[in-house]
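Peer 1: Sharing a structure below in structure tokens format, with a few things to ask.
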Amino acid sequence: IIAMLFLILLLFFSALFPVAFSCCTKISEEIPKGILRRVERFDIQKADGLCHLEAVILYIEGRKFCVSPRIKKVKKWMKKRLNIHQKHGRRQRRTNIQKKREKKK
């Protein structure tokens, strides 16, 4: 009965405060070489509300890794990813196709 009550309270708490379970509590100040190539998606955690730590959350193979947003490699990688998403997909694709054709010549 106690375990059932605990489970109900846990579910209730997670419904009220879903962010609390996804906050990074520790961040890495360094990142292994080549790990950014395997990132499937990422989120930016602000140091406000329930999360009290600024972080970049990297999702790799279903796992999440919390790294410092001040790492130079991470800053450069995020800027590149954000620029790609802001450009029009069709224009970007044409540019890549043209570049491939130029390389073949």
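The values are calculated or read from the model by the stated rules, or taken from the named source; none is laboratory data. As the structure is a computational prediction, the values presented were derived from the model and not from experiment. Ideal geometry is used to build each Cβ from the backbone, glycine not excepted, and the neighbour counts take in all protein chains shown. Side chains included, ligands, DNA and RNA excluded: accessible areas come from the protein's heavy atoms. Shrake-Rupley method; radii C 1.70, N 1.55, O 1.52, S 1.80 Å.
Peer 1: Of the conditions (1) open to solvent by 100 Å² or more (accessible area, probe 1.4 Å); (2) modelled with pLDDT under 70, Leu10 fails just one. Which one is it?
Peer 2: (1) is the only condition that Leu10 fails.
Peer 1: Tell me which residues, restricted to segment 65-86, are within 18 Å of Glu30 (Cβ to Cβ) and open to solvent by less than 80 Å² (accessible area, probe 1.4 Å). Steps first, answer last, please.
Peer 2: Taking segment 65-86 as the starting set, the residues that turn out to be within 18 Å of Glu30 (Cβ to Cβ) are 65-78.
Hits for segment 65-86 are Phe65, Cys66, Val67, Ser68, Pro69, Ile71, Val74, Trp77, Met78.
Peer 1: Within segment 50-59, take every residue that is open to solvent by less than 60 Å² (accessible area, probe 1.4 Å) and touching a helix residue (DSSP H, G or I) at 6+ places or on another chain (Cβ under 8 Å) and give me the one that is nearest to Lys72 (Cα to Cα).
Peer 2: Val56
Peer 1: Which residues, counting only those in segment 50-60, are at pLDDT 90 or above and touching a strand residue (DSSP E or B) at 6+ places or on another chain (Cβ under 9 Å)?
Peer 2: Pass one, segment 50-60, residues at pLDDT 90 or above: 53-60.
Once the filter is applied, which keeps residues that are at pLDDT 90 or above and touching a strand residue (DSSP E or B) at 6+ places or on another chain (Cβ under 9 Å), segment 50-60 yields Leu53, Glu54, Ala55, Val56, Ile57, Leu58, Tyr59.
Peer 1: If I go through segment 22-49 residue by residue, how many of them are open to solvent by 50 Å² or more (accessible area, probe 1.4 Å) and either modelled with pLDDT of 90 or more or not small (Gly, Ala, Ser) (or both)? Walk me through how you get there before you give the answer.
Peer 2: From segment 22-49, those open to solvent by 50 Å² or more (accessible area, probe 1.4 Å) are 22, 25-26, 29-30, 32-33, 37-38, 40-41, 43-44, 46-49; that's our starting set.
Still in the list and also either modelled with pLDDT of 90 or more or not small (Gly, Ala, Ser) (or both): 25-26, 29-30, 32-33, 37-38, 40-41, 43-44, 46, 48.
The qualifying residues number 14.
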